[in-house]
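K.L.:
Here you go, one structure.
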Amino acid sequence: MKQIILAEDHKVIRNGVKMLLESTNQYQVLFEASNGQEVIDALDRGLIPDIIISDIGMPEMDGIAMIEELNQSHPKIPVLIMSMMENYTNLYQTINVGAKGFLTKAVDAEELFFAINRLLMGERYICSSLVIPIVDQVIERELSSNAQVNNMDFSSREIEILQLISQGLTNIEMADKLFISKRTVEGHRQSLIDKTGSKNTAVLMRYAYVNGIIE
C-alpha cells in the first residue's frame, strides 16, 4: 500500500480526497497537512511517504515554497499538485520548481489514480484538460512553420546550390560544376541565408535538413 502525505488547507476537500484515495485499498494517507510547513515538519519527524499530493495556495507556506524546500531536503519524493486554478501560470511555476505532476481539482478519480501511478513509476503527468491545448499549440506552430517553408520561393538553382553545399563543395567547385561564375554562386548562397534568416552556412544547412529541403 502506497503512503501519501496530503496537503490541502480546505478541510472538506482534504477529507474528500482522502476518502477517495483510501477507498481503493491501494493508498493510505499517512499524514494530513493544511500548509507546506506542516509537510516539512512531518518529514523532519521521520514520516516518509511515497508521494506528496498538495494544493498550491495555502497559508504560511504555499505549494511552490514547499517544493523548493523539498528539493533541498527530500528531492526523491515526487510531488503531485492539485489546484483549483486551471491556468498555465501555475502549471509552469510548479513544474519549473520541481513538481512531477499537475492536476486541476476538476479531474475525475480515474485520472487522479492514473497520475499518482505515473509519478510513482518515476514519470511526469499533466492533466489532459491542460496538456491537450498545449499539444494543439505546438502542432499549430509546427504546421505554420512548415507552411512558411513550403511557401518560401526557392529557385531550382538555389536548391542545386544547397545540395552542393551539403556535399562540401567550395564556391569555386560549385561554379565549375554548374558552369557559372564564383560571384553568382556567392550571390545564391547569400540569397539563401537571407531568405531563411540563417546566420551562416552551418545554420543554413541545419535549416535545410530539418525542413526537408534537402535529404
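Here, each number is a calculation from the coordinates, and none is a lab measurement. Because the structure is predicted, anything quoted here is derived from the model rather than measured. Using ideal geometry, Cβ is built from the backbone for each residue, glycine included, and neighbour counts are taken over all protein chains shown.
K.L.:
Going through region 28-136, which trypsin sites (Lys or Arg not before Pro) have at most 12 other Cβ atoms within 10 Å and a DSSP loop state? Could the numbers behind the result be given before it?
P.N.:
Values: sites: Arg45, Lys76, Lys100, Lys105, Arg118, Arg124; in loops: Arg45, Lys76, Lys100, Lys105, Arg124.
Answer in residue order: Arg45, Lys76.
K.L.:
Using +1 at the Cβ of each Lys and Arg and -1 at the Cβ of each Asp and Glu in the chain, identify which of Phe179, Ile40, Gly63 lies farthest towards the dipole's positive end.
P.N.:
Sorting the options by dipole projection puts first Phe179.
K.L.:
Please report the antiparallel percentage of the DSSP beta bridges confined to the chain, to the nearest 5. Write down the numbers at each step before the final one.
P.N.:
On the way: 0 of 19 bridges.
So the antiparallel bridges in the chain amount to around 0 percent.
K.L.:
Further question on the same structure: Once the principal axes of the Cα atoms of region 2-129 are found, what is the range along each, listed largest first in whole angstroms?
P.N.:
Rounded to whole Å, the extents work out to 34, 32, 29 Å.
K.L.:
Right, next: Working from Cα positions, state the angle (0 to 90°, nearest 10) between the long axis of helix 182-196 and the longest principal axis of the chain.
P.N.:
Tilt of helix 182-196: around 20 degrees.
K.L.:
Okay, moving on. Mind pulling the angle between the C-alpha long axis of helix 11-22 and the longest principal axis of the chain? Nearest 10 degrees, somewhere in 0 to 90.
P.N.:
80 degrees
K.L.:
Can you count the Lys pairs in region 2-129 whose Cα atoms are under 18 Å apart, with each pair 8 or more apart or on different chains?
P.N.:
Numbers: Lys2/Lys18; Lys2/Lys76; Lys2/Lys100; Lys11/Lys105; Lys18/Lys105; Lys76/Lys100.
Summing the qualifying lysine pairs gives 6.
K.L.:
Continuing with this model, one more query. Using alpha carbons only, how many degrees (0 to 90, rounded to 10) separate the axis of helix 128-151 from the longest principal axis of the chain?
P.N.:
0 degrees
K.L.:
Let me ask something else about it. Could you tell me how many cubic angstrom of Cα convex hull volume region 1-65 has per residue?
P.N.:
67 Å³
K.L.:
Given the options Gly63, Gly187, Gly36, which has the most mean-square fluctuation in a GNM of the chain, springs set between C-alpha atoms less than 10 angstrom apart?
P.N.:
Evaluated over the chain, the most mobile residue of the options is Gly187.
K.L.:
Please quote Rg/Rh for the chain to two decimal places, taking the Kirkwood radius as Rh and restricting both calculations to Cα atoms. Walk me through the numbers on the way to the answer.
P.N.:
Values: Rg = 27.2 Å, Rh = 21.1 Å.
Rg divided by Rh gives 1.29.
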